1. With respect to Glu166, is the statement that it is within 19 Å of the chain's Cα centre (by Cα), modelled with pLDDT under 95 and either among the basic types (Lys, Arg) or under 30 Å from Gly67 (Cβ atoms) (or both) true?
2. Which of the residues belonging to region 9-52 are in contact with a Leu (Cβ under 8 Å, 6 or more places away or on another chain), over 22 Å from Trp102 (Cβ atoms) and not aliphatic (A, V, I, L, M)?
3. Would you pick out the residues in region 100-111 that are surrounded by fewer than 20 Cβ atoms within 10 Å (Cβ to Cβ) and among the hydrophobic types (A, V, I, L, M, F, W, C)?
4. If you check Ile86, Ile77, Ile114, which single one turns out to be at pLDDT 90 or above, under 17 Å from Asn18 (Cα atoms) and either open to solvent by 50 Å² or more (accessible area, probe 1.4 Å) or not in a helix (DSSP H, G or I) (or both)?
5. Of all residues being open to solvent by less than 10 Å² (accessible area, probe 1.4 Å) and under 16 Å from Lys146 (Cα atoms) in region 53-69, which is farthest from the chain's Cα centre (by Cα)? Just the residue, please.
6. Among the residues of region 117-137, which ones are within 21 Å of Gly301 (Cβ to Cβ) and either surrounded by fewer than 17 Cβ atoms within 10 Å (Cβ to Cβ) or not β-branched (Val, Ile, Thr) (or both)?
7. Looking at Ala150, is it at pLDDT 90 or above, of a type in the set (Gly, Ala, Ser) and outside any strand (DSSP E or B)?
8. What are the residue pairs meeting all of these: first residue in region 41-59, first residue closer than 17 Å to Pro85 by Cβ, second residue of a type in the set (Gly, Ala, Ser) and open to solvent by 40 Å² or more (accessible area, probe 1.4 Å), Cβ atoms under 6 Å, and 6 or more apart or on different chains?
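The values are calculated or read from the model by the stated rules, or taken from the named source; none is laboratory data. These numbers were taken from a predicted model, which means no experiment stands behind them. Here the Cβ is made from the backbone with ideal geometry for all residues, glycine too, and neighbour counts use every protein chain on show. Heads up: the accessible areas ignore ligands, DNA and RNA and are worked out on the full protein's heavy atoms, side chains in. Shrake-Rupley method; radii C 1.70, N 1.55, O 1.52, S 1.80 Å.
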Amino acid sequence: MQHKGDETPMLILGGGSNLLLLEDYQGTVIQVATKGIDVSEDQTHFNLKVAAGENWHDLVCETLKLGMPGLENMALIPGTVGAAPIQNIGAYGIELCQLCDWVEYLDLQTGALIRLEAADCDFGYRESIFKNQLKGKAVITSVGLKLPKAWQPKLSYGPLQSLAEETEVTATMIFERVCQVRQEKLPDPVVLGNAGSFFKNPVVAAADYLKLAERFPDLVGYAQQDGTVKLAAGWLIDKAGLKGFQMGAAAVHDKQALVLVNKGGARGKDVANLAREIIRQVQARFGVELQPEPRIFAATGERSL
């Protein structure tokens with residue numbers, strides 16, 4: 001707990017996969033490494049209490065092994081369980097908020113443990129109360145998940161649509177397809193340093209989507225329940241001719257335009273400069289402003305790109 005008058009900056013770290021460090025951090029870094037998965041069940045759901053330090057992908061694997069499907073679309077998302085609610089992580093048509101029951105956190109001002117129901121977490125697309133009102137005030141300690149026993153496959157997104165042609169689709173089939181696609185498109189950071197999927201998929205008004213679709217008939221967009229349309233940021237970057245584009249040692253991955261990679265020797269500031277140029281060119285071509293997905297830190301704290 002940070003004491004009043006202590007102005008030393010503090011960074012709460014999970015796995016670190018969703019951070020871009022522009023320079024050496026001049027503060028205290030606390031890594032959350034708690035472990036534990038408790039499972040109970042009722043007639044309709046498996047109820048999980050998962051410690052914040054658990055690896056997210058390992059959790060997906062464990063639930064499938066135990067016969068509790070529901071998380072398979074989010075396989076191979078890097079990071080820890082405690083970081084998942086902050087970004088409201090999601091992939092292939094599923095977001096954490098659809099399965100989250102509650103989030104428990106440590107109040108850094110009072111030292112109290114507080115449990116927030118999912119409905120009170122202000123979940124949005126890569127957004128939550130933990131990125132806004134509770135930013136810098138809370139450390140997530142555990143996450144509650146509710147996995148329906150009446151499981152239904154979610155196959156609406158891209159590479160999963162072909163599975164709908166199968167006679168019987170299992171959670172393992174979805175898991176394997178997601179892993180295959182991610183491994184083909186996303187470089188292994190041990191082999192090629194990268195900042196992962198760097199940009200959020202921008203959400204635009206339906207009218208703006210229709211205007212863009214007239215100019216670009218192959219525009220990729222996904223209708224949202226509120227009438228807006230989510231565009232594929234990777235498609236926009238690729239269509240702007242930026243796949244493989246390089247500035248210094250930082251580059252757009254030549255297999256997935258959403259990923260920024262380190263060709264060797266790139267610094268955080270180099271990646272940030274590349275990101276800003278991508279934003280500029282996409283804005284000029286499409287009139288759509290991309291937003292970075294990773295959290296960006298300078299020497300004394302978080303900042304904008």
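1. When the stated conditions are applied, Glu166 does not pass them.
2. Passing the criteria: Tyr25, Gly27, Thr28, Gln31.
3. Trp102, Leu106, Leu108
4. On inspection, the qualifying residue turns out to be Ile77.
5. In this case the residue turns out to be Met68.
6. Scanning region 117-137 gives Arg126, Glu127, Ser128, Phe130, Lys131, Asn132, Gln133, Leu134, Lys135, Gly136, Lys137.
7. Answer is yes for this residue.
8. Asn47/Ser40; Gly53/Ala33
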